[in-house]
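The values are calculated or read from the model by the stated rules, or taken from the named source; none is laboratory data. In this text, all values refer to a predicted model and were calculated from it rather than measured experimentally. All Cβ positions, glycine included, derive from the backbone under ideal geometry; neighbour counts span all protein chains shown.
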Amino acid sequence: MRRIAVGILFGIGLVMAAVCVAQQRGEVYAQRGTPAAAITGNAEVVVVPTVFGDKCQVLSVIDPRLRVLSVYHIDLATGSIALKSVRNFQWDLQVLSLNNDKPLPQEIESGVRRAMLEPR
């Protein structure tokens with residue numbers, strides 16, 4: 001469960017980082033490499049730094065115990081740090097489906113359960 005939560009948060013951090021570079025077009029970001037995540041078994045917080053070009057770094061700070069994600073933008077030219085968002089994701093992790101195409105998870109579950117009950 002913890003790995004799933006960290007994975008979801010990592011994805012959210014990447015999406016927020018993409019917002020930072022939305023003005024830069026024509027560059028292939030997939031070639032930049034994978035952001036480094038400082039994750040240890042007993043970490044108090046998880047820090048995911050992501051650098052985009054020479055203008056912006058996004059720092060995602062995750063507190064797994066409190067289930068809070070904070071996102072900072074760091075201007076690499078000036079060094080200024082701005083807190084962009086904070087979110088308690090405890091209830092986000094309870095959502096079964098959001099912005100999904102069909103089949104929805106409930107439909108898949110229902111189909112699997114029906115298939116398990118049908119005689120062969």
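Observations on the model:
- When restricted to residues that are modelled with pLDDT of 95 or more, in contact with an Asp or Glu (Cβ under 9 Å, 6 or more places away or on another chain) and surrounded by 11 or more Cβ atoms within 10 Å (Cβ to Cβ), region 71-84 contains 1.
- The set of residues in region 60-79 that are assigned to a strand (DSSP E or B) and closer than 21 Å to Leu93 by Cα comprises Ser60, Val61, Ile62, Asp63, Val68, Leu69, Ser70, Val71.
A quick yes/no check of all residues on (1) part of a loop (DSSP other than H, G, I, E, B); (2) modelled with pLDDT of 95 or more; (3) touching a strand residue (DSSP E or B) at 6+ places or on another chain (Cβ under 6 Å); (4) among the β-branched types (Val, Ile, Thr):
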| site | (1), (2), (3), (4) |
| --- | --- |
| Ala17 | no, no, yes, no |
| Val58 | no, yes, yes, yes |
| Val86 | no, yes, yes, yes |
| Asn100 | yes, no, no, no |
| Ile108 | no, no, no, yes |
| Ala115 | no, no, no, no |
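- Of residues in region 88-98 being part of a loop (DSSP other than H, G, I, E, B) and of a type in the set (A, V, I, L, M), the one modelled with the lowest pLDDT: Leu96
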